[in-house]
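A.B. asks: This is the structure I have questions about; it appears just below.
The values are calculated or read from the model by the stated rules, or taken from the named source; none is laboratory data. Keep in mind it's a predicted model, so treat the numbers as computed, not measured. In this analysis, Cβ positions are derived from the backbone assuming ideal geometry, glycine residues included, and neighbour counts consider all displayed protein chains. Side chains included, ligands, DNA and RNA excluded: accessible areas come from the protein's heavy atoms. Shrake-Rupley method; radii C 1.70, N 1.55, O 1.52, S 1.80 Å.
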Amino acid sequence: MTDQRSYDDRDGLIWFDGELVPWREANVHVLTHALHYASSVFEGQRAYGGEIFKLTEHSERLKRSAQLLDFEIPWSVEQIDAACREVLHANDMADAYMRPLAWRGSEQMGVSAQKSKIHLAIAAWHWGAYFGEEAIRKGLRLDISKWRRPAPYTAPTESKASGLYMICTLARHSAQAKGYDDALMFDWRGQVAEGTGANAFFVRDGALHTPVPDCFLNGITRQTVIELARRRGIEVVERAIWPEELESFEQFFLTGSAAEVTPVAEAGPWRFEVGDLTLQLRKDYLDLANRRNSNS
């Protein structure tokens, strides 16, 4: 069961700049640069059976994201991996969601922040199905967001940067206010992009179609699902997808470390079935995550 307490008032330990500190003491100053100018990057990853799935890939992406925001995390990929494992074990967790976060500190205020110290923290908590178990059975209901993913020449869209999620929050709040679960976002060209925090896949005639990630993250879960599909001999087509094509697709699902593989029943005026191929790939993904960790 997901803990309903505020995220600043929980038991446990958080890795903070090289040491484990009590959860409630893992705090930053109000003049932290990241709070004012979004100079922070993060990861979302899951542990299954006591091991963190695709851990090194996540740590590598965290480092790359920071570099795209013009700062260097002063811990290596190997050290970040070790710290993540330390957090999981220190909190006695087997199945958990994990959040590494790196940010610029409070040494300098203003747009420039070259003198700011770089911090790193890692937390873990129990988090069940991101959209709830009912969504797995019935499929999500998505609004069509008015907000669009920005062009890659306007923002570092290859990074998992906190600032890029501001429009995701706006899109999801708007969708939930209308009674939807989430929103489907288009890009600056009007092409289908992704959900507010998960990549999109569509099924037609036994093949998978997915947008080219040229202005949003090429998710680690996305890459894993493509690999799993191809192992099954399923054709995977990465291409530009326009909204008028959505009526031709039979199934639609979202992928992400939090969402895992979650079916979609509707997106705006378009309807989809929670079909066998979607459910098979969800099972394949969860089997892989758990099997890999049981053999570690």
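A.B. asks: Given (1) crowded, with 18+ Cβ neighbours inside 10 Å; (2) within 19 Å of the chain's Cα centre (by Cα); (3) free of Cβ contacts under 8 Å to residues at least 60 places away in the same chain, identify the lone condition not met by residue 223.
C.D. replies: (1)
A.B. asks: From the list 87, 41, 77, 21, pick out the single residue that is over 27 Å from residue 217 (Cα atoms) and β-branched (Val, Ile, Thr).
C.D. replies: Result: 21 is the single residue among 87, 41, 77, 21 that is over 27 Å from residue 217 (Cα atoms) and β-branched (Val, Ile, Thr).
A.B. asks: Would you mind stating whether residue 129 is assigned to a loop (DSSP other than H, G, I, E, B) and under 19 Å from residue 257 (Cα atoms)?
C.D. replies: Judged against the criteria, residue 129 is a match.
A.B. asks: List every residue pair whose Cβ atoms sit under 7 Å apart, with the two residues 6 or more apart in sequence or on different chains, where the first one lies in the range 45-56 and is free of Cβ contacts under 8 Å to residues at least 40 places away in the same chain and the second, anywhere, is in a strand (DSSP E or B) and crowded, with 21+ Cβ neighbours inside 10 Å.
C.D. replies: Qualifying pairs under 7 Å: 55/45.
A.B. asks: Would you mention how many residues in the range 45-59 are closer than 13 Å to residue 219 by Cα and acidic (Asp, Glu)?
C.D. replies: 1
A.B. asks: Scan the range 22-52 for residues that are of a type in the set (A, V, I, L, M, F, W, C) and in contact with a strand residue (DSSP E or B) (Cβ under 6 Å, 6 or more places away or on another chain) and jot them down.
C.D. replies: Residues satisfying the conditions are 23, 26, 34, 41, 42, 47, 52.
A.B. asks: Residues to consider are 47, 94, 66, 123; find the one that is small (Gly, Ala, Ser), at pLDDT 95 or above and open to solvent by 30 Å² or more (accessible area, probe 1.4 Å).
C.D. replies: Going through 47, 94, 66, 123 in turn, the sole match is 94.
A.B. asks: Hey, another quick one. For residue 102, indicate whether it is over 30 Å from residue 275 (Cβ atoms), in contact with a strand residue (DSSP E or B) (Cβ under 7 Å, 6 or more places away or on another chain) and at pLDDT 95 or above.
C.D. replies: yes
Every residue, every condition in (1) touching a Lys or Arg at 6+ places or on another chain (Cβ under 8 Å); (2) outside any loop (DSSP other than H, G, I, E, B); (3) closer than 30 Å to residue 83 by Cβ, yes or no:
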position	(1), (2), (3)
124	yes, yes, yes
135	no, yes, no
148	no, yes, no
155	no, no, yes
163	no, yes, yes
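A.B. asks: Moving to a separate point now. For the range 230-250, which residues satisfy the criterion of being in a loop (DSSP other than H, G, I, E, B), open to solvent by 100 Å² or more (accessible area, probe 1.4 Å) and out of contact with any strand residue (DSSP E or B) (no Cβ under 8 Å at 6 or more places or on another chain)?
C.D. replies: 232
A.B. asks: State whether the residues of the range 70-88 include one that is under 17 Å from residue 160 (Cβ atoms), of a type in the set (Asp, Glu) and over 20 Å from the mean Cα position of the chain (by Cα).
C.D. replies: Within the range 70-88 (the criterion being under 17 Å from residue 160 (Cβ atoms), of a type in the set (Asp, Glu) and over 20 Å from the mean Cα position of the chain (by Cα)), the answer is yes, since at least one residue qualifies.
A.B. asks: Just the residues that are under 18 Å from the mean Cα position of the chain (by Cα), open to solvent by 40 Å² or more (accessible area, probe 1.4 Å) and over 21 Å from residue 178 (Cα atoms), please, taken from the range 126-158.
C.D. replies: Within the range 126-158, 126, 127, 156, 158 meet the criteria.
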